[in-house]
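Read the structure below first, then the notes.
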Amino acid sequence: MDKFVEYIDNYRRNIEADLQKRLEFIRQQVFGNGLKGAVVGISGGIDSAVSAALCVRALGAEHVIGVWMPCYSQEIHALDAHKLPEALGLRLVTVNLAGAYDRAVEEIERVFPLDDKSKGNTKARLRMTTLYAIANQNQYLVADTCNASEIYVGYMTKGGDGLADFNPVASLLKTQIRILAEHLNIPRSIIEKPPSADLWVNQTDEDEMGFTYEQLDRYIVTGNAEPKVKERIDYLHRISEHKRQLMPEI
């Protein structure tokens, strides 16, 4: 049998055990450390939806705050984000960051012009600043939402979505996230939508990375990929090593 297919089929067969392991992990990280709950940044995408669903199941809806942080966001993501209260019982609040982002970019560009990537990363860092402010105020922890596929190639913002107090999905490939999303009854529109960090108009993960999540996940599991895809994945993994390590010290 295809090694990747076997790997994914094995996850399907053991998904309930995996779910229980993750719920216990969340409870230990939050309640076990004397905190009162968890804050999750909600993007309208599948990773944050799954992370929020896990936190709600583990801690109870009264101990979880989902935060939708639009910053010139596409309407499709707003619509999907606002499906989660009904689908999951999630308490969802909105903090519009457009004004803060505009002011920050205006001040920075008095010194240096910013390209789209730098502006997008600034959005991600403003979002994490917001999550930590809410978490501090409520004695909560911030839940990260990056999956194993993204982490492998460094597809996260250092100081942004790559920074949090705990991560309930860090060991799951994107393919597994989709399977778990169905198990958790995440809305179909979120599961089927092309993954996007919503950092600029019409941005998608796969276009920016240069390969599909299926190609990436297959490579992580089997080590096999088309030569150009393998070269690209290896390159991104190599240059993003600093994102997976604590900062160097002397």
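The values are calculated or read from the model by the stated rules, or taken from the named source; none is laboratory data. Predicted, not measured: the structure shown is a model, and the values here were computed from it. Quick reminder, even Gly has a Cβ in these numbers, built from the backbone with ideal geometry, and neighbours come from all protein chains shown.
Ala135: surrounded by 16 or more Cβ atoms within 10 Å (Cβ to Cβ), in contact with a Lys or Arg (Cβ under 9 Å, 6 or more places away or on another chain) and not hydroxyl-bearing (Ser, Thr, Tyr), yes or no?
Working: surrounded by 16 or more Cβ atoms within 10 Å (Cβ to Cβ): yes; in contact with a Lys or Arg (Cβ under 9 Å, 6 or more places away or on another chain): no; not hydroxyl-bearing (Ser, Thr, Tyr): yes.
In short, no.
Given the criteria within 16 Å of the chain's Cα centre (by Cα), part of a helix (DSSP H, G or I) and surrounded by 15 or more Cβ atoms within 10 Å (Cβ to Cβ), does Gly154 qualify?
Numbers: within 16 Å of the chain's Cα centre (by Cα): yes; part of a helix (DSSP H, G or I): no; surrounded by 15 or more Cβ atoms within 10 Å (Cβ to Cβ): yes.
In short, no.
Okay, residues lined up against (1) of a type outside the set (Asp, Glu); (2) closer than 17 Å to Gly162 by Cβ; (3) touching a helix residue (DSSP H, G or I) at 6+ places or on another chain (Cβ under 9 Å):
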| site | (1), (2), (3) |
| --- | --- |
| Leu180 | yes, no, yes |
| Leu184 | yes, no, yes |
| Ala197 | yes, yes, yes |
| Glu206 | no, no, yes |
| His237 | yes, yes, yes |
| Gln245 | yes, yes, no |
| Pro248 | yes, yes, yes |
Show the residue pairs that are 6+ apart or on different chains and have beta-carbon atoms under 9 Å apart, the first residue being within region 55-79 and in contact (Cβ under 8 Å) with a residue 12 or more places away in the chain and among the polar types (S, T, N, Q), the second being part of a helix (DSSP H, G or I) and buried (at least 16 other Cβ atoms within 10 Å of the Cβ). Ser73/Ala81
Please pick out the residue among Gly162, Gly120 that is within 17 Å of the chain's Cα centre (by Cα), within 17 Å of Gly45 (Cβ to Cβ) and assigned to a helix (DSSP H, G or I). Gly120
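Looking at Leu180, Leu97, Leu173, Leu163 in this structure, which one is at pLDDT below 95 and aliphatic (A, V, I, L, M)? Lay out the reasoning, then the answer.
On the way: Leu180 fails: at pLDDT below 95; Leu97 fails: at pLDDT below 95; Leu173 fails: at pLDDT below 95.
Within the list Leu180, Leu97, Leu173, Leu163, the selection yields Leu163.
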Can you confirm whether region 188-203 contains a residue that is closer than 30 Å to Asp102 by Cβ and among the charged types (D, E, K, R)? yes
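Please find, among Leu114, Leu90, the residue that is over 18 Å from Pro187 (Cβ atoms) and of a type in the set (A, V, I, L, M). It would help to see each step written out before you state the result.
Numbers: Leu90 fails: over 18 Å from Pro187 (Cβ atoms).
Among Leu114, Leu90, only Leu114 is over 18 Å from Pro187 (Cβ atoms) and of a type in the set (A, V, I, L, M).
Taking the stated definitions as given, is Glu182 without any contact (Cβ under 8 Å) to a residue 12 or more places away in the chain, in a helix (DSSP H, G or I), closer than 30 Å to Tyr7 by Cα and not small (Gly, Ala, Ser)? Outline the logic, then answer.
Values: without any contact (Cβ under 8 Å) to a residue 12 or more places away in the chain: yes; in a helix (DSSP H, G or I): yes; closer than 30 Å to Tyr7 by Cα: yes; not small (Gly, Ala, Ser): yes.
So Glu182 fits the description; yes.
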Hey, among the residues in region 159-169 that are more than 21 Å from Leu216 (Cα to Cα) and not aliphatic (A, V, I, L, M), which one's surrounded by the fewest Cβ atoms within 10 Å (Cβ to Cβ)? Gly159
Identify all residues within region 186-214 that are assigned to a loop (DSSP other than H, G, I, E, B), under 23 Å from Met69 (Cα atoms), at pLDDT below 95 and not small (Gly, Ala, Ser); write none if there are none. Lys193, Pro194, Pro195, Asp198, Leu199, Trp200, Val201, Asn202, Gln203, Thr204
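Of the residues that make up region 130-141, is at least one within 30 Å of Glu62 (Cβ to Cβ), under 14 Å from the mean Cα position of the chain (by Cα) and assigned to a helix (DSSP H, G or I)?
At the first step, the residues of region 130-141 found to be within 30 Å of Glu62 (Cβ to Cβ) are 130-141.
Now restrict to residues that are under 14 Å from the mean Cα position of the chain (by Cα): 131.
Now restrict to residues that are assigned to a helix (DSSP H, G or I): 131.
Yes.
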Only one of (1) more than 14 Å from Asp47 (Cβ to Cβ); (2) surrounded by 21 or more Cβ atoms within 10 Å (Cβ to Cβ) is not met by Ser149, so which one is it? (1)
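Does Pro113 satisfy the condition of being surrounded by fewer than 17 Cβ atoms within 10 Å (Cβ to Cβ) and part of a helix (DSSP H, G or I)?
Details: surrounded by fewer than 17 Cβ atoms within 10 Å (Cβ to Cβ): yes; part of a helix (DSSP H, G or I): no.
Here the answer is no, as Pro113 does not meet what is asked.
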